[in-house]
Amino acid sequence: MGEARAKQLADRIQVLVAELLERRVKDPRLGFVTVTDARLTGDLREASVFYTVYGDEQARANTAAALESARGLIRSEVGKALGLRHTPSVAFFLDAVPESAGHIEELLEKARTADAEVAKAAAGAKPAGDADPYKRPHDDSDPADEDEQD
């Protein structure tokens, strides 16, 4: 199968899993979960579903346990909906994108603060040397210099 077909099926799996989690899975441990991505291997045998959970570490652990217990139901429903010869196995992975994005935002804020401090310090600064640090040829016509050049 082609890569485009695998991507198309992965997108379909993402939508199916999100709908199943919303409508069919009634586990009380399941928190506020968002399915962020799904990837399917080239042979269409294994599906990796990435998700995020709103909440603390306990909510993440409870959601992971709920997803693991509902994996069979989700796999069978995905298999029915896709109509493939072999139903792909489904594995759930906590998506680290929100944490990474938060860390990047913190770093960008530090960089903005440092840039603002540098701009503030440079506002009243004057050059250390002359205003025009480049050497220019002398315009003085000194007859002594002309005699030495001859």
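Against the definition (basic (Lys, Arg), modelled with pLDDT under 90 and under 24 Å from the mean Cα position of the chain (by Cα)), how does Arg60 come out, yes or no?
yes
Which members of the range 1-18 meet the condition of being among the small types (Gly, Ala, Ser) and assigned to a loop (DSSP other than H, G, I, E, B)? Break it down stepwise before answering.
Here is the first cut: in the range 1-18, the residues among the small types (Gly, Ala, Ser) are 2, 4, 6, 10, 18.
Residue satisfying the conditions is Gly2 alone.
Which of the residues spanning the range 41-69 are in contact (Cβ under 8 Å) with a residue 40 or more places away in the chain, among the small types (Gly, Ala, Ser) and either farther than 15 Å from Glu22 by Cα or touching a helix residue (DSSP H, G or I) at 6+ places or on another chain (Cβ under 8 Å) (or both)?
Within the range 41-69, Gly42, Ala47, Ser48, Ser69 meet the criteria.
For the range 100-107, check the following and say yes or no: at least one residue is over 23 Å from the mean Cα position of the chain (by Cα), farther than 30 Å from Leu9 by Cβ and at pLDDT below 85.
no
Rundown of residues vs (1) of a type in the set (Ser, Thr, Tyr); (2) modelled with pLDDT of 85 or more; (3) in a helix (DSSP H, G or I), yes/no style:
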residue: Leu20; (1), (2), (3): no, yes, yes
residue: Ala47; (1), (2), (3): no, yes, no
residue: Phe93; (1), (2), (3): no, yes, no
residue: Ala116; (1), (2), (3): no, yes, yes
residue: Ala128; (1), (2), (3): no, no, no
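Being loosely packed, with under 13 Cβ neighbours inside 10 Å, of a type in the set (Gly, Ala, Ser) and more than 21 Å from Asp27 (Cα to Cα) is the filter here; which residues of the range 69-88 pass it?
Listed by number, the list holds a single entry, Gly83.
For the range 89-125, give me the residue count where each residue is without any contact (Cβ under 8 Å) to a residue 12 or more places away in the chain, of a type in the set (A, V, I, L, M, F, W, C) and open to solvent by less than 90 Å² (accessible area, probe 1.4 Å).
Restricting attention to the range 89-125, the residues satisfying the condition of being without any contact (Cβ under 8 Å) to a residue 12 or more places away in the chain are 96, 99-125.
Pick out the ones that are also of a type in the set (A, V, I, L, M, F, W, C) and you get 96, 101, 104, 107-108, 111, 114, 116, 118-119, 121-123, 125.
Still in the list and also open to solvent by less than 90 Å² (accessible area, probe 1.4 Å): 96, 101, 107-108, 111, 114, 116, 119, 121-123, 125.
Total satisfying the criteria: 12.
Ile74 is checked against (1) in a helix (DSSP H, G or I); (2) touching a residue at least 24 places away in the same chain (Cβ under 8 Å); (3) out of contact with any helix residue (DSSP H, G or I) (no Cβ under 7 Å at 6 or more places or on another chain) and fails just one. What number does that condition carry?
Unmet condition: (3).
All but one of (1) outside any strand (DSSP E or B); (2) surrounded by fewer than 15 Cβ atoms within 10 Å (Cβ to Cβ) hold for Ala66, so report the exception by its number.
(2)
Of the residues that sit in the range 49-60 and are open to solvent by 50 Å² or more (accessible area, probe 1.4 Å) and outside any loop (DSSP other than H, G, I, E, B), which one is farthest from Ala101 (Cα to Cα)?
Going through the qualifying residues, I end up with Gln58.
How many residues, within the range 3-37, are free of Cβ contacts under 8 Å to residues at least 40 places away in the same chain, open to solvent by less than 40 Å² (accessible area, probe 1.4 Å) and farther than 23 Å from Gly55 by Cβ?
Number satisfying all stated conditions: 2.
The values are calculated or read from the model by the stated rules, or taken from the named source; none is laboratory data. None of these values were measured; they are calculated from a predicted model. Neighbour counts are summed over all protein chains in view; Cβ atoms, including those assigned to glycine, are modelled from backbone coordinates with ideal geometry. Remember, those area values only see protein heavy atoms, side chains included, never the ligands or the DNA or RNA. Shrake-Rupley method; radii C 1.70, N 1.55, O 1.52, S 1.80 Å.
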